[in-house]
1. Once you list every other residue whose beta carbon is under 15 Å from the beta carbon of Thr294, what net charge do they have if Lys and Arg are +1 and Asp and Glu are -1?
2. Accessible area, 1.4 Å probe, largest first: how do Leu157, Leu513 sort?
3. Efficiency by 1/(1 + (r/R0)^6): what FRET value for Glu409 and Thr429, r their Cβ-Cβ distance, R0 = 30 Å, to the nearest 0.05?
4. Can you work out the FRET efficiency for the pair Ser487 and Thr283, with r the C-beta to C-beta distance and R0 = 41 Å, to the nearest 0.05?
5. Quickly rank 227-235, 190-198, 497-505, 105-113 as a protection proxy: mean count of other C-beta atoms within 10 Å, highest first.
6. Measure off 7 Å from each Cα along the Cα-to-Cβ vector at Gln114 and Asp40, then give the distance between these two points in nanometres to one decimal.
7. In whole angstrom, how far apart do the alpha carbon centroids of region 1-60 and region 208-239 sit?
8. Can you tell me how region 1-79 classifies by the Cα gyration tensor, rounded, prolate or oblate, using a/c under 1.5 as the rounded cut?
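The values are calculated or read from the model by the stated rules, or taken from the named source; none is laboratory data. Keep in mind it's a predicted model, so treat the numbers as computed, not measured. Please note: Cβ atoms are built from the backbone with ideal geometry, for glycine as well, and neighbour counts cover all protein chains shown. Only protein heavy atoms, including side chains, enter the accessible area calculation; ligands, DNA and RNA are left aside. Shrake-Rupley method; radii C 1.70, N 1.55, O 1.52, S 1.80 Å.
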Amino acid sequence: MNETAGEPRLILLADPDRQSAEALQKALGEKGYSIIVARDGSKALEMSILNLPDLVLFDQRCPLIGPQKFDQIIRNNPRTENIPVIIIGRPEMEFEFRKTFREGFIARPYSLPQFLEQVDAFFRRIDAATALKVGNRLFEGDLAQMGIPDLVQVFALNRRTGVLSLTGQGIEGRIHLSGGEVVNAETHGASGEKAFFRLLAATKGRFSFDPGAEGVKHTISAGTDNLLMEGARQLDEYRRAAIEIPREHGRFHVSTKIESSYRLEGLHPVTEEVLSVVELNPTLQELLNSTSATDFETLRALKALLDRDIVEFKPAVMSSEVRAAAGAPEYEPLLRRAEIDRFKAFIRERLFNRFRTVRPKVLVLSPRGNMLKSFVRRLKSVEEFSLLERPAALRLGFGTIGKLALDHEFALSVLLVPSERQNRPILNTMSAGAVCGIFLSTGAAVEIADTMSLTTAGHSPILRSVPILHVVAPGSDLDSKGSQEVSAFIETGETRGTPARFDLGKPGEVRALLQRLLLASGGAKTQA
């Protein structure tokens, strides 16, 4: 083989197609390689024995001797056993050929720049392998010049033991090898195959290989070749799946319409794990780090839960500057700065004097428990509203469910409170600190009358003095996924606003309802 310093590397190109062979010969020659061409497998075998090329590029279409037979013959000949072979073939044959031809596979059709880069990458691996043979010394470089798959293949071919450390742009991790086999990997809280597959995505940064004793627990048992192929598959699938996952800042959470008693029923183990940890790890990165499954498996399970409306995504509330930097669309705040200041003044001057230890509250009441859960689900479309993790109030029918943040330092607690007559003592106690309320009912006259009585006849003196938003659904519930028109008006003491219609199936309409209510609170005037 051509090992003299300064001499161009010799490549044997076995390709029966004259036109493609000439194009490759010209392009490789311009890159500084020396090229010889064979039109069939028999001629390629003869030229390999006579010329000992540094690399054989063997097209699968070659007649007389196919790629497997060609490889078998040169491997059994001491003179040619170390000649590397890269196969050019149909994409569907890649998995089969990579089992035998570990030097590489180039799928056809290919772009010429991509083809040349793969040849260059192969020789970079050869140079790295040569450097490793010098002895037990630190080996380092740039990932842009030599990727992690290539590095791992080099270590495997040379049966090296040591630690490959990776640092740089958004990446920090280690891959442990023993006798050329990957036995463990670690990065950002992940380990094993999960960490290894994640590290394969890194293309920028620095690497260094420190040879020596392994001294680490073996968490990976798959062979290196199978590990690299599976990693390439998962990385490709992950990138495709990631397109369908919400990309803006925000949090995932279990839908309130899913009862805890059947959350985990009949689910795939990975899907079950994702569902069990999503409430405590609501951002995408936290979720990926918290599961034992690989990133692709976790993402696939998350996508399935989103498609079935078991898990929902809520965008984060961001300042104008952050939204602009993230490319997020602008939105109208629930209250403007002057309105928030007026609200705070009301809290300080009137409410704080009476309830010094109570956070300002928004009360949500209904004679129908299913309407409470349905309305909470609608509330989650409002960016400023955040639901508590696993709020017991949704199960019990009363208690704090979350908060409504009007700015970074001012938030209102949102509570469900019981409206049944026998629970009026609880209502009076929980009303302390209320600045406004929301009553939910259906069109049945008896329910409306019962709901109205909550703010009259002295049942709740506190509620008589704050704005109450009455939301009346024409049907039996608010549970429709599509259009849901309601009639709404605001009542404060003896004053009742003009009813207006809203469609709660549209997130913007839910915001509009809250804006009308908040403007009626804290001394602000409303046009309801």
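1. Taking every other residue near Thr294 into account, the sum is -1.
2. If we order Leu157, Leu513 from most to least accessible, we get Leu157, Leu513.
3. In this case the efficiency is close to 0.65.
4. The pair Ser487/Thr283 has a calculated efficiency of 0.60.
5. Final packing ranking: 190-198, 227-235, 497-505, 105-113.
6. 3.1 nm
7. Using only Cα atoms, the two centres lie 32 Å from each other.
8. It is oblate, given that a/c is not under 1.5 and a/b is not larger than b/c.
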